[in-house]
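Peer 1: Okay, handing you the structure first.
The values are calculated or read from the model by the stated rules, or taken from the named source; none is laboratory data. Values in this document were obtained by computation on a predicted structure and should not be read as measured data. Using ideal geometry, Cβ is built from the backbone for each residue, glycine included, and neighbour counts are taken over all protein chains shown. Side chains are part of the model used for accessible areas, which takes the heavy atoms of the whole protein and leaves out ligands, DNA and RNA. Shrake-Rupley method; radii C 1.70, N 1.55, O 1.52, S 1.80 Å.
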Amino acid sequence: MKNRLDKEGNFVSVNLIESKSFRIIFTAFLAFLGGYAFDSLGIYLPWMLGPLFVVMIAKVKLRKYLYWSKTFRSTGLVILGLQLGSSFTKQSLNEMIEYLPVMLFTTIAIISFTVLTGWFIGKRMNLSLGTSMLGSFPGGLSQMVVLSEEMKDSDETVVGFMQTLRVILVISIVPWIVTHVMSVEPGAVMAVTERPFFLFEYDGKLAIMMLLTLLMFIFITKRANFPLPFLLGPLMAAALFNLAGPGAPQIPDFWLNLSQLLIGAHLGYTLKVDNPRLFRKMFGAVFVSNVLLIGFCYYLSIQFAPTLSLQANELFLSMAPGGVAEMAVTAMSVHVDLSVVTSFHLFRILFILFFLSPIIKWLAGRNHGKQEQGQS
């Protein structure tokens, strides 16, 4: 037991295990145990999937003893963003420009597929247009939930559940397909850069310049309302240093594993799995639609890879309906071109946020207006 002052200045006792500090430490301990266990068992992406599943399961019974701040996730995204940006070279930038028509075509094809499955789920479950569409779009869990909160006819709880199940399925299925189903041609895998385990091998003055540039880009992306500013800002800073400066630092393995743990624990803590009634009602339809979507992306990658002279697993990770961070971590694990994978996903998120979302918002508002006129 310990004491603290209440609003009137009186000392009141506080249970240590209910304090925020203890809950953070306990959550981090569970996340580490999950990562260590998954790593020992040889499970793919252990330091992301282990914390995700252990924290998510523990939250069902131990919710009041757990706490995870968004700051930890942001820290993980900064580390990951630096590593992603360090993969951008002049050659990869030229490749991005070359693949722009393919990005547009595959994005439209994948979104059209999700519109069909979203419409089916909406009809079957009697959901509004905004809810079914935002729950189905592969545009990032947090971005879709935030958008659903801004729409009058959208249910953010249902959107959060649909997006949560999609993330779990993608993180569980896609890495397995990439490593066990999709073969890689000999010599096609990128060379693995040897990295130190803990200490950064980077000049001190350049590190200060990198930090200032990184903070500037985070500030700019936040003010411009870009998605994932803590990922995009460091990514842009590292890419700038690579393309026009002295080169970006390579992130040691310890810090990459830590970034995965921070992101995985955040996903496990925030994913909504504590509504059994909603889970039973919608699980089947959402499960089938997402498995079909993953299969559709797999088919597209197999068809387009020979034409684009890309590895099939590289293109599959670029198209898979997962988040930028999760697919980038997978791409790093199988040593494919991070710049291609990241650019495809960023293009799709920006396309959904800045082009498709306003259309859905307009259609949802129009339907809501018609319903109000019909009731009056």
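Peer 1: Quick one: is LEU62 free of Cβ contacts under 8 Å to residues at least 60 places away in the same chain and open to solvent by less than 70 Å² (accessible area, probe 1.4 Å)? Can you show your working first?
Peer 2: Details: free of Cβ contacts under 8 Å to residues at least 60 places away in the same chain: yes; open to solvent by less than 70 Å² (accessible area, probe 1.4 Å): yes.
So LEU62 passes the test.
Peer 1: Pick from the stretch 145-168 the residues that are within 17 Å of ILE349 (Cα to Cα) and at pLDDT below 70: which of them is most open to solvent (accessible area, probe 1.4 Å)?
Peer 2: The extreme case among them is VAL146.
Peer 1: Here is a further query. Pick from the stretch 230-264 the residues that are closer than 20 Å to ILE208 by Cα and within 13 Å of the chain's Cα centre (by Cα): which of them is surrounded by the most Cβ atoms within 10 Å (Cβ to Cβ)?
Peer 2: Restricting to residues being closer than 20 Å to ILE208 by Cα and within 13 Å of the chain's Cα centre (by Cα), the top hit is LEU231.
Peer 1: Would you call LEU267 within 20 Å of the chain's Cα centre (by Cα), part of a helix (DSSP H, G or I) and buried (at least 21 other Cβ atoms within 10 Å of the Cβ)? Full working, then the answer.
Peer 2: Details: within 20 Å of the chain's Cα centre (by Cα): yes; part of a helix (DSSP H, G or I): yes; buried (at least 21 other Cβ atoms within 10 Å of the Cβ): yes.
Taking the combined requirement at face value, the residue satisfies it.
Peer 1: So if I check each of LEU41, LEU77, LEU129, which one is at pLDDT below 90, in contact with a Leu (Cβ under 7 Å, 6 or more places away or on another chain) and surrounded by fewer than 23 Cβ atoms within 10 Å (Cβ to Cβ)? Let's see the steps before the verdict.
Peer 2: Working: LEU41 fails: in contact with a Leu (Cβ under 7 Å, 6 or more places away or on another chain); LEU77 fails: surrounded by fewer than 23 Cβ atoms within 10 Å (Cβ to Cβ).
Being at pLDDT below 90, in contact with a Leu (Cβ under 7 Å, 6 or more places away or on another chain) and surrounded by fewer than 23 Cβ atoms within 10 Å (Cβ to Cβ) holds for just one of LEU41, LEU77, LEU129, which is LEU129.
Peer 1: Would you pick out the residues in the stretch 302-322 that are part of a helix (DSSP H, G or I) and either among the hydrophobic types (A, V, I, L, M, F, W, C) or crowded, with 24+ Cβ neighbours inside 10 Å (or both)? Spell out how you get there, then give the answer.
Peer 2: Kept after step one, since they are part of a helix (DSSP H, G or I), are these residues of the stretch 302-322: 302-308, 312-319.
Hits for the stretch 302-322 are ILE302, PHE304, ALA305, LEU308, ALA312, ASN313, GLU314, LEU315, PHE316, LEU317, SER318, MET319.
Peer 1: Could you tell me whether any residue of the stretch 226-235 is hydrophobic (A, V, I, L, M, F, W, C), at pLDDT below 80 and outside any helix (DSSP H, G or I)?
Peer 2: The initial filter retains those residues of the stretch 226-235 that are hydrophobic (A, V, I, L, M, F, W, C), namely 226, 228, 230-232, 235.
Next, from what is left, pick out any that are at pLDDT below 80: 226, 228.
If we keep only those that are outside any helix (DSSP H, G or I) too, we end up with 226, 228.
There is at least one residue in the stretch 226-235 that is hydrophobic (A, V, I, L, M, F, W, C), at pLDDT below 80 and outside any helix (DSSP H, G or I).
Peer 1: While we're on this one: Quick one: in the stretch 87-99, which of the residues that are touching a residue at least 12 places away in the same chain (Cβ under 8 Å) and among the hydrophobic types (A, V, I, L, M, F, W, C) is most open to solvent (accessible area, probe 1.4 Å)?
Peer 2: Within the stretch 87-99, the first condition is being touching a residue at least 12 places away in the same chain (Cβ under 8 Å), and the residues that meet it are 87-90, 92-93, 95-96, 99.
Filter again for among the hydrophobic types (A, V, I, L, M, F, W, C), leaving 88, 93, 96.
Numbers: PHE88: 16, LEU93: 68, MET96: 47 Å².
Checking each candidate, the answer is LEU93.
Peer 1: Right, something else. Any residue in the stretch 172-192 that is at pLDDT below 50 sitting within a Cβ distance under 7 Å of a residue that is assigned to a loop (DSSP other than H, G, I, E, B)? List the pairs, counting only those 6 or more apart or interchain.
Peer 2: Qualifying pairs under 7 Å: ALA188/GLN311; VAL189/HIS335; MET190/HIS335; MET190/VAL336; MET190/ASP337; VAL192/HIS335.
Peer 1: Looking only at the stretch 122-132, which residues are touching a residue at least 24 places away in the same chain (Cβ under 8 Å), assigned to a helix (DSSP H, G or I) and over 23 Å from the mean Cα position of the chain (by Cα)?
Peer 2: ARG124, MET125, LEU129
Peer 1: What's the number of the only condition in (1) more than 22 Å from LEU116 (Cβ to Cβ); (2) open to solvent by less than 10 Å² (accessible area, probe 1.4 Å); (3) within 19 Å of the chain's Cα centre (by Cα); (4) of a type outside the set (S, T, N, Q) that ILE352 fails to meet?
Peer 2: The number of the failed condition is (1).
Peer 1: Would you call ILE302 modelled with pLDDT of 80 or more, under 18 Å from ILE173 (Cα atoms) and within 17 Å of the chain's Cα centre (by Cα)?
Peer 2: On the way: modelled with pLDDT of 80 or more: yes; under 18 Å from ILE173 (Cα atoms): yes; within 17 Å of the chain's Cα centre (by Cα): no.
So ILE302 does not fit the description; no.
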